[in-house]
Amino acid sequence: QVQLVESGGGLVQPGGSLRLSCVASGTIFSINVMGWYRQAPGKERELVARTISGGTTTYLDSVKDRFTISRDNAKNMVYLQMNSLKPEDTALYYCNAVITRWRYSDSRDYWGQGTQVTVSS
């Protein structure tokens, strides 16, 4: 079994900062991709940022220069530093990972339960 657990969400004023964390646990051979998605009420889930083994990162255009994704491979963790937060960043943020559980098995997607980020004055 693999589990992803997020933390760090909360209520913050516009212009403020939050740091989300996600840890993957269980039987894990390798983690190929780790990232963050978000879903606001009435909207589809969208990719916010992701990092691929080897260092390639991808960001949603609207968060570039404000959000930074980073990984700690030794701890199976991924972080999202969010600065200059805006009300439109309000959403449920999900951690995602593409994980290979054993050396010769296929990789698959895993999701956390989500952590709420609310940006409001």
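The values are calculated or read from the model by the stated rules, or taken from the named source; none is laboratory data. From a predicted model like this one, the values you see are computed outputs, not experimental measurements. Neighbour counts run over all protein chains shown; Cβ positions are idealised from the backbone, glycine included. Remember, those area values only see protein heavy atoms, side chains included, never the ligands or the DNA or RNA. Shrake-Rupley method; radii C 1.70, N 1.55, O 1.52, S 1.80 Å.
Report yes if VAL23 is over 18 Å from ILE69 (Cα atoms), of a type outside the set (Ser, Thr, Tyr) and in contact with a strand residue (DSSP E or B) (Cβ under 9 Å, 6 or more places away or on another chain), otherwise no. Judged against the criteria, VAL23 is not a match. For the range 20-41, the criterion of being open to solvent by 60 Å² or more (accessible area, probe 1.4 Å), within 14 Å of GLY114 (Cβ to Cβ) and not in a strand (DSSP E or B) is met by at least one residue.
For the range 89-121, the candidate set comprises residues that are surrounded by 18 or more Cβ atoms within 10 Å (Cβ to Cβ) and either more than 29 Å from GLY42 (Cβ to Cβ) or aliphatic (A, V, I, L, M) (or both); within that set, the residue that is nearest to the chain's Cα centre (by Cα) is ALA97.
Against the numbered list (1) in contact (Cβ under 8 Å) with a residue 40 or more places away in the chain; (2) not in a strand (DSSP E or B), GLY54 comes up short only at (1). Go through the residues of the range 73-88 one by one and say whether even a single one is open to solvent by 20 Å² or more (accessible area, probe 1.4 Å), polar (S, T, N, Q) and at pLDDT below 95. Yes, the conditions are met somewhere in the range 73-88.
Among the residues of the range 42-70, those identified as open to solvent by less than 60 Å² (accessible area, probe 1.4 Å), at pLDDT 95 or above and over 15 Å from ALA91 (Cα atoms) are THR51, THR58, TYR59, ARG66, ILE69, SER70. Flag not set for LEU4, criterion: under 19 Å from VAL119 (Cα atoms) and either buried (at least 17 other Cβ atoms within 10 Å of the Cβ) or not polar (S, T, N, Q) (or both). Criterion applied to THR100, THR118 was being farther than 21 Å from THR51 by Cα and β-branched (Val, Ile, Thr), and the one residue passing it is THR118. Going through (1) assigned to a strand (DSSP E or B); (2) in contact (Cβ under 8 Å) with a residue 12 or more places away in the chain; (3) not polar (S, T, N, Q) one by one, GLY15 falls short only on (1).
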